[in-house]
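Student: Please read through the structure below; I'll follow up with questions.
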Amino acid sequence: MRRAIRLEFRKMRRLRTAPILAVLVAAVAALSSTSLFSGSTRDTFHDAGAAPWTGLLLTYTMMSAMTSPILVAVLASRQTDIEHSGAGWTLASTAGHTPGTLCRAKLAALGLVLAPAVAVQSLLVLGAGALAGIRTPLDLGPWAGYTALLFLVDTAFLALHIWLASVVENQLVSVGVGMLGAFLAVFTLLMPGATSRIIPWGYYAVISHARQQDADVVHTSPPYGWIAGFLLLVGVVFAQVTRRLDRLER
């Protein structure tokens, strides 16, 4: 497994995954920060009652829901398409790496790259808030919690798209599912919480640590039990489908 993961990192260098991910992270941070420069928003920067940091977190949550499903779909598709285009499945099998092992290695490698990317993304948004002039006290707890859960949900969808990209050679299908997921993720932010929990991409809304309450933006505690159940279900399903891939002859 370690050899397979190292091989995936070599493929990433060829695919220029790191520069692409850096551009996407910077884009999400920039989109999340655009509201900071409106006059009405700047008027709240010194008003603790207006909760400017919480408002920024809510904007960040919306932008992440809009972009993260597409980001993970692109990462997974690029990392898997190379196997289809270069007879990679066959070459890996001759080296002792079954298709299922290769998929699990791709998930591990991409997850190791995604973790610091998500952390940097959140830090960029926080940095933009500080540079814009927000001077109210910052509660780091909700930001840290949201960042950790965003990474975990992203990883869950990485698993989905790696499997989908491995069984469907046309990568437009995987990316198309990611685009549909982005629409559903944003839409579920406007739906009741119970509905969001039964839609997979709704978990980008479920993990939110901020919500609109009448005219105010307030911190909220996500349903950790539901989130843990969703992540466990994805893990079990991914383990089963990749074991099935091991039994298929390519």
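Student: Using Cα atoms only, what is the angle between the long axis of helix 52-85 and the major principal axis of the chain, expressed in degrees (0 to 90) to the nearest 10?
Tutor: Once rounded, the angle reads 10 degrees.
Student: Which value at 222 nm does the chain reach when only helices count, each DSSP H run of 4 or more adding -39,500 (n - 2.57), with the total divided by all residues and rounded to the nearest 500 deg cm²/dmol?
Tutor: -25000 deg cm²/dmol
Student: Work the Kirkwood hydrodynamic radius out for segment 155-250: mean of 1/r over every pair of different alpha-carbon atoms, inverted, in Å.
Tutor: 15.0
Student: Using alpha carbon centroids, what distance separates segment 160-206 and segment 208-237, in Å?
Tutor: Answer, in whole Å: 16.
Where a number appears in this text, it was derived from the coordinates with a stated rule and is not lab data. Treat the numbers as computed from the prediction; the structure is a model and nothing was measured.
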